[in-house]
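Asker: Sharing a structure here in structure tokens format.
The values are calculated or read from the model by the stated rules, or taken from the named source; none is laboratory data. Computed from a prediction, not measured in an experiment: that's the story for all the values here. Because the Cβ atoms are built from the backbone with ideal geometry, glycine has one as well, and the counts that use them run over all protein chains shown. The protein model used for the area step is the full one, side chains on, heavy atoms only, and it has no ligands, DNA or RNA in it. Shrake-Rupley method; radii C 1.70, N 1.55, O 1.52, S 1.80 Å.
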Amino acid sequence: MAIYGIALGVISSTACRNATRSVPFTVFDQMSPAEITEELKRRFRRARRVVVLTGAGISAESGVPTFRGGGGSAVWRGFPFEQISSAEMLARDPALVWEWFNYRRQVISQARPNAAHRALAEWEKRFQSLVVITQNIDDLHRAAGSRTVLELHGNIWRVRCLSCGRVTENRQVPLREIPPTCTCGGMLRPDVVLFGEALPGEVLHRAQAEAARCELFFIVGTSAIVYPAAYLPVIAKHGGAYVVEVNPETTPVSSLVDVTLSGKAGEVLPALSEA
Ligand code: OAD
């Protein structure tokens, strides 16, 4: 099963309707530890090909706010984030979009990988193949030491010129010029996927192929409502993988997965490493 050419979009509009909180950061303090079943332990010990799909929740314990969770969704300067992170807004008001990304760059620049990112980096030594597919643009998986990382939505530290197309790294925080310009004089944009844009075809194709052939598929810290990433657990299940969700909340994929570990990624993933 392969899904191509789908622009970034959301299946449920509930979170958008509930766009009430200014940049949400759901903290789950009082969780009882998730139970790691004997079957999961056995599969974890025997697996060779493992894929982990991550979302904003994995970086929550690093201090990066999630977009959704706790029944709400992020608002910045009165704009629902799905509006301010859209191709339409970039065309209409690039300076505003850059202000939003400038803010996010400042938050992310302060963040360090947490125990969940570190556990996944360590899993690379454990399994024959461990692929992290992330919707996050914060670069924290690489900072933790993961090497095989497929970034579905781009990277906040890269910029792309709208005139010459050149992609470069830019770690300036805060930005001195908004919108920033390329050496060719053209306007730069964040090298991230905005709502209404297609995902990078090659990265999506590889992610789908890895999901289709893995034995164990983890879906960690994502609300699983943004497509096409949210199809990946379906592809994995269809391919015969054992699918495990790690999230303190239920999501649309909770009914599809083989087991849900209801807890924080920073506690559940290191606990699995000990299994
Ligand atoms: P969301 O913000 O939609 O969902 C975050 C999920 O993380 C929620 O289901 C929370 O319950 C869960 N969560 C919170 N804290 C957690 C913790 N400590 N451990 C585990 N889970 C936790 O984030 P995404 O699903 O990643 O795209 O959102 C998908 C895409 O929507 C993002 O990549 C972004 C956004 O628009 C772009 O901007 C291109």
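Asker: Name the helices (runs of 4 or more DSSP H) wholly within region 51-168 that hold at least 3 residues that are open to solvent by 40 Å² or more (accessible area, probe 1.4 Å) and over 27 Å from residue 180 (Cα atoms)?
Answerer: Here the list reads 115-126.
Asker: Let me ask another. State the number of residues belonging to region 35-65 that are within 10 Å of the ligand (Cβ to nearest atom) and at pLDDT below 95.
Answerer: 1
Asker: With 133, 137, 84 as the choices, which residue is free of Cβ contacts under 8 Å to residues at least 40 places away in the same chain, closer than 22 Å to residue 199 by Cα and in contact with a strand residue (DSSP E or B) (Cβ under 8 Å, 6 or more places away or on another chain)?
Answerer: Every option except 84 fails the conditions.
Asker: In this structure, is residue 207 within 16 Å of the ligand (Cβ to nearest atom), assigned to a helix (DSSP H, G or I) and either more than 21 Å from residue 153 (Cβ to Cβ) or under 17 Å from the mean Cα position of the chain (by Cα) (or both)?
Answerer: Spelling it out, residue 207 is indeed within 16 Å of the ligand (Cβ to nearest atom), assigned to a helix (DSSP H, G or I) and either more than 21 Å from residue 153 (Cβ to Cβ) or under 17 Å from the mean Cα position of the chain (by Cα) (or both).
Asker: Can you find a residue in region 49-71 that is more than 25 Å from residue 207 (Cα to Cα) and over 18 Å from the mean Cα position of the chain (by Cα)?
Answerer: Yes: one or more hits.
Asker: Another one. Check whether at least one residue in region 200-215 is on the phi > 0 side of the Ramachandran plot and either of a type outside the set (Phe, Trp, Tyr) or open to solvent by 10 Å² or more (accessible area, probe 1.4 Å) (or both), and report yes or no.
Answerer: Scanning region 200-215, I find no residue that is on the phi > 0 side of the Ramachandran plot and either of a type outside the set (Phe, Trp, Tyr) or open to solvent by 10 Å² or more (accessible area, probe 1.4 Å) (or both), so the answer is no.
Asker: Can you say whether residue 189 is farther than 28 Å from residue 61 by Cβ and open to solvent by 50 Å² or more (accessible area, probe 1.4 Å), as far as the supplied structure shows?
Answerer: No.
Asker: Another question, then. Just give me the residues in region 72-124 being within 11 Å of the ligand (Cβ to nearest atom) and not polar (S, T, N, Q), in sequence order.
Answerer: Of everything in region 72-124, those that are within 11 Å of the ligand (Cβ to nearest atom) and not polar (S, T, N, Q) turn out to be 72, 74, 80, 81, 82, 84, 87, 100, 101, 104, 115, 116.
Asker: Separate question: Restricting to region 230-252, give me the number of residues that are outside any strand (DSSP E or B), open to solvent by less than 40 Å² (accessible area, probe 1.4 Å) and either more than 10 Å from the ligand (Cβ to nearest atom) or not aliphatic (A, V, I, L, M) (or both).
Answerer: Result for region 230-252: 8.
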